[in-house]
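What follows is a short report on a single structure.
The values are calculated or read from the model by the stated rules, or taken from the named source; none is laboratory data. The structure presented is a predicted model; accordingly, all values stated were derived computationally and were not measured. Cβ: placed from backbone, ideal geometry, glycine included. Neighbour counts: every protein chain shown.
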Amino acid sequence: MMDIILNTGSTVYQGAIIKGGNKFTPGYTREAAFCNINPKDFEALGKPWFVRLTNQYGDSVVVRAHKSDTQQVGEVFVRRGIWANVVVTTETESTGSPRYKNLPIKIEKCEGPVLEPEALMRHYYVEGKKSDDYNATKYLDKKSGQKVTEHS
């Protein structure tokens, strides 16, 4: 596991998919569910096909890994969307906007899979579970503020 900085943003192609109402398509998953990683970090992670991104609260998501010379060492880029939103925190630092840039997270090589949009939303947002752990799921109980583990 490696400490790294997450930056998110949009692409023209991603925007065209969203504007066309195709957010729940394989094309959108291909465009948005991956992480650009600097070649040195990519090597340090063991040349992964998939990576798990985890924020300070334990929220995590699996995305495809992509080695990219456009990334700085110690930083990754994920398209803004439902996969990135799992790990983007609600902290606004008094700006009124979530922390889409310069967010410290952890990254690690994993086996996958990348969940399709509907499965990710159902699993994480509707069921209140992490998308990366199907056997023992930890999540933050909204009433008590404590992390809870459920065993399937």
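Where residues in region 66-105 are of a type in the set (A, V, I, L, M, F, W, C) and in a loop (DSSP other than H, G, I, E, B), which of them is nearest to TRP49 (Cα to Cα)?
Applying the filter and picking the extreme gives VAL73.
If I ask for residues that are surrounded by 21 or more Cβ atoms within 10 Å (Cβ to Cβ) and either in contact with a Cys (Cβ under 8 Å, 6 or more places away or on another chain) or in a loop (DSSP other than H, G, I, E, B) (or both), which ones from region 38-65 would you list?
VAL51, ARG52, LEU53, ASP59, VAL62, VAL63, ALA65, listed by residue number.
Does region 95-133 hold any residues that are small (Gly, Ala, Ser) and either modelled with pLDDT under 80 or more than 19 Å from HIS66 (Cβ to Cβ) (or both), and which are they?
Selection gives GLY96, SER97, ALA119, GLY128, SER131.
On the basis of being surrounded by fewer than 16 Cβ atoms within 10 Å (Cβ to Cβ) and at pLDDT 75 or above, does LYS147 make the cut?
Spelling it out, it is not the case that LYS147 is surrounded by fewer than 16 Cβ atoms within 10 Å (Cβ to Cβ) and at pLDDT 75 or above.
Does SER94 satisfy being surrounded by fewer than 16 Cβ atoms within 10 Å (Cβ to Cβ), out of contact with any Cys (no Cβ under 7 Å at 6 or more places or on another chain), over 13 Å from GLY9 (Cα atoms) and among the hydroxyl-bearing types (Ser, Thr, Tyr)?
Here the answer is yes, as SER94 does meet what is asked.
Quick one: in region 106-126, which of the residues that are part of a helix (DSSP H, G or I) and among the aliphatic types (A, V, I, L, M) is surrounded by the fewest Cβ atoms within 10 Å (Cβ to Cβ)?
So the residue we want is VAL126.
Mind counting the residues in region 52-103 that are over 16 Å from the mean Cα position of the chain (by Cα) and of a type in the set (Val, Ile, Thr)?
Within region 52-103, residues that are over 16 Å from the mean Cα position of the chain (by Cα) and of a type in the set (Val, Ile, Thr) number 4.
Could you please give the count of residues in region 35-58 that are among the charged types (D, E, K, R) and closer than 17 Å to ARG79 by Cα?
Residues in region 35-58 being among the charged types (D, E, K, R) and closer than 17 Å to ARG79 by Cα: 1 in total.
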